[in-house]
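Beneath this line is the structure, given in structure tokens, with notes to follow.
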């Protein structure tokens, strides 16, 4: 299997997932919660439906994720002033502070995980993986 690029990418993904899972435990969140909060902060005024689409999470699962974040004081559902039928998912101030801490920690973890690569190789890996993901019609680009 080692000769297959896909297998190597799976193993690398598992390594990143396990490493960040341990990191997020220290912040008392999990990677899904981090991704929801990050996406909500980056998108500005996303609905649950938009977050589901962007993150590739089933809408029913997203409801539970946002419910949990809301009960922990990390997110709020706010009525969209332009469409009163729609709710916007907004990270709380506490969540924004948490995201800041997590983002710094994730940067350090990524630096360590990819230390075997030169800076040009890291940029190339980032660009190539992004291109492969965004060329797949089932993946939504998210900055």
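Assorted remarks:
- Note on the chain: with a GNM built from Cα contacts shorter than 10 Å, the maximum mean-square fluctuation among 51, 99, 117 falls on 117.
- Backbone N atoms of the range 63-77 closer than 19 Å to the 7 Å Cα→Cβ label point of residue 101 belong to residues 69-76.
- Matching label, Kirkwood radius over Cα pairs in Å computed from the structure shown, candidates (i) 15.6; (ii) 16.7; (iii) 16.0: (ii)
- Computed label-point distance, nm, for sites residue 4 and residue 128 using a 7 Å Cα→Cβ extension: 1.9 nm
- Label-point separation in nm, residue 14 to residue 86, each point 7 Å along Cα→Cβ: 4.0 nm
- Length released on extending from residue 112 to residue 68, taking residue separation times 0.36 nm less the Cα-Cα span: 12.7 nm
- The range 1-45 residues near the modelled residue 121 label - backbone nitrogen below 19 Å, point 7 Å along Cα→Cβ: 2-16
- Rounded tilt (10° steps) of 31-43 against the dominant C-alpha axis of the chain: 70 degrees
- Relative contact order of the range 5-115, defined on C-alpha pairs under 8 angstrom at six or more residues apart (%): 26 percent
- MRE, 222 nm, helices only [DSSP H, n ≥ 4, -39500 (n - 2.57), over the chain, to nearest 500]: -21000 deg cm²/dmol
- Angle between the chain longest axis and helix 93-113 axis [Cα atoms, degrees, rounded to 10]: 10 degrees
- Taking Cα atoms only, the orientation of helix 5-25 departs from the longest principal axis of the chain by about 50 degrees.
Every number here is computed from the coordinates shown, using simple stated rules; none is lab data. Please read these numbers as outputs of a predicted model, since none were measured by experiment. With ideal geometry, Cβ positions are generated from the backbone for all residues, glycine too; neighbour counts draw on all protein chains shown.
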